[in-house]
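Undergrad: Would you mind keeping the following structure in view while I ask a few things?
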Amino acid sequence: MSTADIYKELILDYYRNPRNFGTLQTFDIEAHDTNPLCGDEVDIQIKVGEGHKIEDIRFSGKGCAISQASASMLTELAKGKPLEWVKELSKEDIFKLLGTSDLGPSRVKCALLGMKVLKTGVYGYLGSGAEGTEPAGPS
Ligand code: FES
């Protein structure tokens, strides 16, 4: 099996058994986007924990293997990372996760959909000043 085939298998495996697929009961961030070319969708929810870390993360959506697998891989990578880390994410990081950058222009949009949604959500949260405004729990 060539390296390209191994990565193809990996993408299909994530597509068929997506890690972190679903929704969270409580979350602090939610974002959604579609690929305008095909209508495929990705939705991401994040529970923000201590020190602005991504305590928990889920994604849901529908679409091609690349869009869903890359979103799933990204949620695995993001879990436990500080929100600020999301700002540093680049398309090269996604290509590394997928094991290829040889995707063609329309597939690149598929591959980057999850990252776009994640960035939209985190930027919105960080920009909204939402941090530190959580209602004080019983002490
Ligand atoms: Fe729609 Fe890939 S074909 S996201």
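Undergrad: Return the total of residues in the range 63-84 being assigned to a helix (DSSP H, G or I) and touching a residue at least 24 places away in the same chain (Cβ under 8 Å).
TA: Qualifying residue count, the range 63-84: 15.
Undergrad: I need the full set of residues from the range 86-97 which are away from the ligand (no atom under 16 Å from the Cβ) and touching a residue at least 24 places away in the same chain (Cβ under 8 Å), in order please.
TA: Val86, Lys87, Leu89
Every residue, every condition in (1) touching a residue at least 60 places away in the same chain (Cβ under 8 Å); (2) within 11 Å of the ligand (Cβ to nearest atom); (3) open to solvent by less than 60 Å² (accessible area, probe 1.4 Å); (4) farther than 16 Å from Gly121 by Cβ, yes or no:
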{"residue": "Thr23", "(1), (2), (3), (4)": "no, no, no, no"}
{"residue": "His52", "(1), (2), (3), (4)": "yes, no, no, no"}
{"residue": "Gly61", "(1), (2), (3), (4)": "no, yes, yes, no"}
{"residue": "Gly99", "(1), (2), (3), (4)": "yes, no, yes, yes"}
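Undergrad: Where residues in the range 32-50 are within 16 Å of the ligand (Cβ to nearest atom) and part of a strand (DSSP E or B), which of them is most open to solvent (accessible area, probe 1.4 Å)?
TA: Here the residue is His32.
Undergrad: May I ask you to list the residues in the range 20-29 that are assigned to a strand (DSSP E or B) and either closer than 17 Å to Ser72 by Cβ or over 13 Å from the mean Cα position of the chain (by Cα) (or both)?
TA: Of everything in the range 20-29, just one residue is assigned to a strand (DSSP E or B) and either closer than 17 Å to Ser72 by Cβ or over 13 Å from the mean Cα position of the chain (by Cα) (or both), namely Phe21.
The values are calculated or read from the model by the stated rules, or taken from the named source; none is laboratory data. Remember, it's a predicted structure, so these values are computed and weren't measured experimentally. As a convention, Cβ positions derive from the backbone with ideal geometry for all residues, glycine included, and neighbour counts pool all protein chains shown. We work out accessible area using only protein heavy atoms, side chains counted, and drop any ligands, DNA or RNA first. Shrake-Rupley method; radii C 1.70, N 1.55, O 1.52, S 1.80 Å.
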